[in-house]
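See below for the structure under consideration.
The values are calculated or read from the model by the stated rules, or taken from the named source; none is laboratory data. Just so you know, these numbers come straight off a predicted model, no measurement behind them. Counting neighbours? That spans all protein chains shown, and the Cβs are built from the backbone with ideal geometry, glycine included. All accessible areas refer to the heavy atoms of the entire protein, side chains included, with ligands and DNA or RNA removed. Shrake-Rupley method; radii C 1.70, N 1.55, O 1.52, S 1.80 Å.
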Amino acid sequence: TATIISDTLDEDDETIIVDISSVTNGTESGTQQATSSIIDDDSAPTVTLSVSGTPLAENAGTATFTATLSTSSGKVVTTTLSFSGTATLTSDYTRSGTTIVISIGSTTGTVTVTAVSDGTDEDDETVIVDISSITNGTESGTQQQTATITDDDDPPTVTLSVSGSPVLENGGIATFTATLSTSSAKIVTTTLSFSGTATLTDDYTR
């Protein structure tokens, strides 16, 4: 007899193959082999997702997303990730992969996100990572983690210039132009004040 020993490891069904290696006072009837299958009854592990290294600096900062199993498994567990958020792949960040593969016997695996530096003043941006599917495991509830990329660029400076001056009193137009030292990902609003010897409405409109 072969008595099966129970464990808690999720694994493929297994086999016990028995052959006749020798016979005393008899002969083997051809080639004799019998197989018994052991049906695994253990649940697949659950997977949770965590993040470290956030917020991360725009200048090559790195965040690490970790998938963790509730228990080790006798199967390779593959977690497929989806990426969203306000940050844009390639121009704002790169990633080491879109799947986390946890080998047999291990309980964790990681992917990393690395920020890409630019010269544009912008709001802090986010990389949102969700679990989209798991092979040989199940998601522990709804798993979602966010990494924030902290902008490190100075806002642009503003210069003011005028063209069309001097202007004729009879319908002449002067144009005042605000110019940024560099482009910005934010709306830049410049509020003006007006003074001088000319009087609004009586001498000019704006």
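Using a simple spin-label model with points 7 Å from Cα along the Cα→Cβ vector, what separation in nm is obtained for GLN33 and VAL18?
1.6
Per-residue HN-Hα couplings for the stretch 39-47, Karplus 6.51 cos²θ - 1.76 cosθ + 1.60 at θ = phi - 60°, whole Hz, x for Gly and Pro?
8, 5, 10, 9, 6, 5, x, 8, 10
Can you give the Rg and Dmax of the stretch 120-190 based on its C-alpha atoms, in angstrom?
For the stretch 120-190, the Cα-based Rg and Dmax read 24.6, 82 Å.
Could you calculate, for the chain, the ratio of the Cα radius of gyration to the Kirkwood radius, expressed as Rg to Rh?
1.45
Let me know the Rg and Dmax you get for the stretch 45-145 when you use only its Cα atoms, in Å.
My reading of the Cα-based Rg and Dmax gives 14.4, 49 Å.
Can you order the peptides 4-11, 109-116, 194-201 by their average number of other Cβ atoms within 10 Å per residue, highest first?
So the order, starting with the most tightly packed, is 109-116, 4-11, 194-201.
Around SER132, which amide H atoms from residues at least 5 apart in sequence, or from another chain, sit under 5 Å from its own amide H, with H modelled in the peptide plane?
It is THR80, LEU81, SER82, by chain and number.
Ignoring ligands and nucleic acids, what accessible area does LYS186 show with a 1.4 Å probe (Å², nearest 10)?
We get 80 Å² for LYS186.
I'd like the distance separating the alpha-carbon centroids of the stretch 23-86 and the stretch 91-108, in whole Å.
Centre-to-centre distance over Cα atoms comes out at 13 Å.
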